[in-house]
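Inspection log for the structure reproduced underneath, given as structure tokens.
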Amino acid sequence: MARPAVIMDRLFLIGGALITALIFGILMLLIGDLVQHGLHRLSWSFIQNFPSRFPEKAGILSAWVGSLLVVLVTMLTALPIGIASGVYLEEYAPKNRLTAVIEINIANLAGVPSIIWGLMALGLFIYVCGFGHSVLTAGFTLGLLVLPIVIISTREAIRTVPRRIREASLALGATKWQTIRHHVLPYSMGGILTGAIISISRALGETAPLITIGALTYVAFLPSSPISASYPFVSAEPFAWLFSGFTVLPIQMFNWVSRPQAAFHENAAAAGLVLLMITLTLNVTAIILRSRFRKRVKW
Amino acid sequence: MNWTGQELLSTAGLDSSAETRVRKLRERAIEALLLMAAGSSVLITIGIVGVLLYESSTFFAHVSVRDFVTDTEWTPLFSDAHFGIAPLVAGTLTTTMIALLVAVPCGVIMAVWLSEYCSAAIREWLKPLLELLAAVPTVVYGYFALLFVTPALKQIFPELPGFNMLSAGIVIGIMIIPYISSISEDALRAVPNSLREAAYALGANRFQTSWQVLVPAAYSGLTAAFVLGISRAVGETMVVAIAAGMQPNLTINPLEPAATITAFIVQVSLGDLPHGSIGYQSIFAAGLVLMLMTLSFNVLGNLMRKKYREVY
């Protein structure tokens, strides 16, 4: 007869494996449920149709176009500010009070619930700045929301560049900025790219802040295109889409989930499947990229 | 090509001192720009706090803080308006409690198992997979709670209403397991090997070492994981808005539907409230309460995390 501690050890070895398997089982269950209810709704017409009162005619055209545009603005906001902040904090920041305040602040921003970002945007971007319930407001909001992710991944990437690379560059007469621009940043691109991909995935899945800033739940139009078919191929107002009303994939899904009819739930499952496949693909890409860069770079 | 320095200056035949001055100026300007970018995060915080305080101050000009805290009804959109935050806080705390009951045991067991029991090769595979679990959009989890977990729970509780806090709480718990287990695992790995070796040398086996030496040693790190998990659960929006219902309900019975602070904000935002109305301002007051709750949990969690880092 084995001692109790030995039995417990065996039990925990198995139990821990079971719980771990259970957690991943839940992920599989979730995907399975979406596939079971939503797969038969996935078709070209589902992607090319606007939403509709009739569940079998409804599609996600305005939703995915909206998601694409919002994510575009999000990245244009988050990447420049985020990378610049990361560079400053790693390469320039003196060890003083201000730096400490900025660092604590970024850590706290990462923990702010997403719906609070929506309230901030509602008060600031919509009623103070007057950007309206638009793609621009949504993009700015999500851009600020993912900013901590970009900053943290930039800093981690820059930290892996060894000091001697900088010293070599400086010794050859390059200025600090030239060293960063031509050596530090290119060598940290892998890590920064990983952070960017994760931010895109996060922004695509965010729902709550966009509801708060008044994203529409029923959109049967597309924002006006900046290019036109005839000369000069640029429409009269190339930036009108920025101020257009919009919806995004998760909000379309939320709208369908909230309806009582089962047929709309099937649409929700199909939209969820599309959303989940995009975010999972992005995250898998980020994970693979990260391990590739870690393996390849041997300083 | 970006040659700089004396070589370039001499070939260009420029006055070296003027060129140096321009270059210095440019370096300064770039540094200032980068500082502005980094400082913008402080501005964002000021923006968040400012908006919440400003809009809430107009709210509290109409509603006394006393009513806000003591009234037991939250009906800001009714003609007979009541502004007691208690039902929303009760809903938030109930779903959070259920989430923790699911996530803390699972998260800690997984962390111990990953850090002490499974092989490094398996761990290298499982940790990225855990990240994937954290990447699932919350609205998808909401769908899962309403249309999968609730029907499943009805097998056990036949009386369970379609909207209930139990299924929302369980799904939030599943959502925060990756956070709790990854921070807990970091805490366990931060325990120095000398402690493990000492325990094994005294004849303890893996199970005894894990639970009687490593877990107590990583205690503050584990607490930090829980506290950060709480802060996530409190701020979670879509799962509760979809699966727990949007009716404010002063109860801690998980089998009932109830609105959380976040669900209320969503409900009001879906309608079309005029800017400046009391209903519009009530979402900022609710947001302020939410912000204070999560902020205090975050600060507490980060303090604890710092503390355990300094121990060894």
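The values are calculated or read from the model by the stated rules, or taken from the named source; none is laboratory data. Computed from a predicted model, the values in this text were never measured in an experiment. With ideal geometry, Cβ positions are generated from the backbone for all residues, glycine too; neighbour counts draw on all protein chains shown.
What's the number of the only condition in (1) assigned to a helix (DSSP H, G or I); (2) under 17 Å from A:His265 (Cα atoms); (3) at pLDDT below 85 that A:Phe54 fails to meet?
(1)
Can you name every residue in segment B:55-102 that is free of Cβ contacts under 8 Å to residues at least 12 places away in the same chain and within 14 Å of chain A (Cβ to nearest Cβ)?
Once the filter is applied, which keeps residues that are free of Cβ contacts under 8 Å to residues at least 12 places away in the same chain and within 14 Å of chain A (Cβ to nearest Cβ), segment B:55-102 yields only B:Ser57.
Restricting to segment A:245-276, what's the tally of residues that are of a type outside the set (A, V, I, L, M, F, W, C), under 22 Å from the mean Cα position of the chain (by Cα) and crowded, with 19+ Cβ neighbours inside 10 Å? Can you show your working first?
Going through segment A:245-276, the residues of a type outside the set (A, V, I, L, M, F, W, C) turn out to be A:245, A:247, A:250, A:252, A:255, A:258-261, A:265-267, A:272.
Add one more test, that the residue is under 22 Å from the mean Cα position of the chain (by Cα), and what stays is A:245, A:247, A:250, A:252, A:255, A:272.
Next cut, crowded, with 19+ Cβ neighbours inside 10 Å only: A:247, A:250, A:252, A:255, A:272.
So the answer is 5.
Return yes or no: is B:Val108 within 14 Å of chain A (Cβ to nearest Cβ) and over 26 Å from B:Ala263 (Cα atoms)?
Details: within 14 Å of chain A (Cβ to nearest Cβ): yes; over 26 Å from B:Ala263 (Cα atoms): yes.
When the stated conditions are applied, B:Val108 passes them.
Just a yes or no: is a residue in segment B:78-92 of a type in the set (Ser, Thr, Tyr) and either surrounded by fewer than 14 Cβ atoms within 10 Å (Cβ to Cβ) or not in a helix (DSSP H, G or I) (or both)?
Just the residues of segment B:78-92 that are of a type in the set (Ser, Thr, Tyr), to begin with: B:79, B:92.
Restricting the remaining residues to those that are either surrounded by fewer than 14 Cβ atoms within 10 Å (Cβ to Cβ) or not in a helix (DSSP H, G or I) (or both) gives B:79.
So far as segment B:78-92 goes, yes, one or more of its residues are of a type in the set (Ser, Thr, Tyr) and either surrounded by fewer than 14 Cβ atoms within 10 Å (Cβ to Cβ) or not in a helix (DSSP H, G or I) (or both).
Which one is farthest from B:Leu255 (Cα to Cα), of the residues in segment B:144-172 that are surrounded by fewer than 17 Cβ atoms within 10 Å (Cβ to Cβ) and more than 12 Å from chain A (Cβ to nearest Cβ)?
Checking each candidate, the answer is B:Gln155.
For segment A:173-215, what are the residues that are free of Cβ contacts under 8 Å to residues at least 40 places away in the same chain and either among the aromatic types (Phe, Trp, Tyr) or in a helix (DSSP H, G or I) (or both)?
Passing the criteria: A:Trp177, A:Gln178, A:Thr179, A:Arg181, A:His182, A:His183, A:Pro186, A:Met189.
For residues in segment B:230-252 being at the interface with chain A (Cβ under 9 Å from one of its Cβ atoms) and assigned to a loop (DSSP other than H, G, I, E, B), which is farthest from the chain's Cα centre (by Cα)?
Among those that are at the interface with chain A (Cβ under 9 Å from one of its Cβ atoms) and assigned to a loop (DSSP other than H, G, I, E, B), it is B:Thr237.
Determine which member of the set A:Val87, A:Val101, A:Val112 is buried (at least 23 other Cβ atoms within 10 Å of the Cβ), over 30 Å from B:Pro274 (Cβ atoms) and touching a helix residue (DSSP H, G or I) at 6+ places or on another chain (Cβ under 8 Å).
A:Val87
Could you check segment A:277-295 and list, in sequence order, the residues that are charged (D, E, K, R), touching a residue at least 40 places away in the same chain (Cβ under 8 Å) and surrounded by fewer than 18 Cβ atoms within 10 Å (Cβ to Cβ)?
Of all residues in segment A:277-295, those charged (D, E, K, R) come to A:290, A:292, A:294-295.
Filter once more, keeping what is touching a residue at least 40 places away in the same chain (Cβ under 8 Å): A:290, A:292.
The answer is A:Arg292, and nothing else.
Can you confirm whether B:Ala135 is facing chain A (nearest Cβ under 9 Å), under 20 Å from the mean Cα position of the chain (by Cα) and of a type in the set (Gly, Ala, Ser)?
yes
Only one residue in B:Ile48, B:Ile44, B:Ile30 is surrounded by 13 or more Cβ atoms within 10 Å (Cβ to Cβ) and touching a Phe, Trp or Tyr at 6+ places or on another chain (Cβ under 6 Å). Which one? Lay out the reasoning, then the answer.
Numbers: B:Ile48 fails: touching a Phe, Trp or Tyr at 6+ places or on another chain (Cβ under 6 Å); B:Ile44 fails: touching a Phe, Trp or Tyr at 6+ places or on another chain (Cβ under 6 Å).
After applying the criteria, what remains is B:Ile30.
Looking at (1) more than 23 Å from A:Ile7 (Cα to Cα); (2) within 11 Å of chain A (Cβ to nearest Cβ); (3) free of Cβ contacts under 8 Å to residues at least 40 places away in the same chain, which is the one condition that is false for B:Val227?
(3)
Among the numbered conditions (1) hydroxyl-bearing (Ser, Thr, Tyr); (2) touching a Phe, Trp or Tyr at 6+ places or on another chain (Cβ under 8 Å); (3) part of a loop (DSSP other than H, G, I, E, B), tell me where A:Tyr218 comes up short.
Condition not satisfied by A:Tyr218: (2).
Select from segment B:127-149 the residues that are part of a loop (DSSP other than H, G, I, E, B) and polar (S, T, N, Q) and list them in ascending order. Walk me through it before giving the result.
Going through segment B:127-149, the residues part of a loop (DSSP other than H, G, I, E, B) turn out to be B:136-137.
Hits for segment B:127-149: nothing passes.
Could you grab me the full set of residues in segment B:34-53 that are at the interface with chain A (Cβ under 7 Å from one of its Cβ atoms) and either of a type in the set (A, V, I, L, M) or touching a residue at least 40 places away in the same chain (Cβ under 8 Å) (or both)?
B:Leu34, B:Leu35, B:Ala37, B:Ala38, B:Val42, B:Ile44, B:Ile48, B:Val51, B:Leu52
Could you check, for segment B:253-261, whether at least one of its residues is touching a residue at least 60 places away in the same chain (Cβ under 8 Å), within 10 Å of chain A (Cβ to nearest Cβ) and within 22 Å of the chain's Cα centre (by Cα)?
So far as segment B:253-261 goes, yes, one or more of its residues are touching a residue at least 60 places away in the same chain (Cβ under 8 Å), within 10 Å of chain A (Cβ to nearest Cβ) and within 22 Å of the chain's Cα centre (by Cα).
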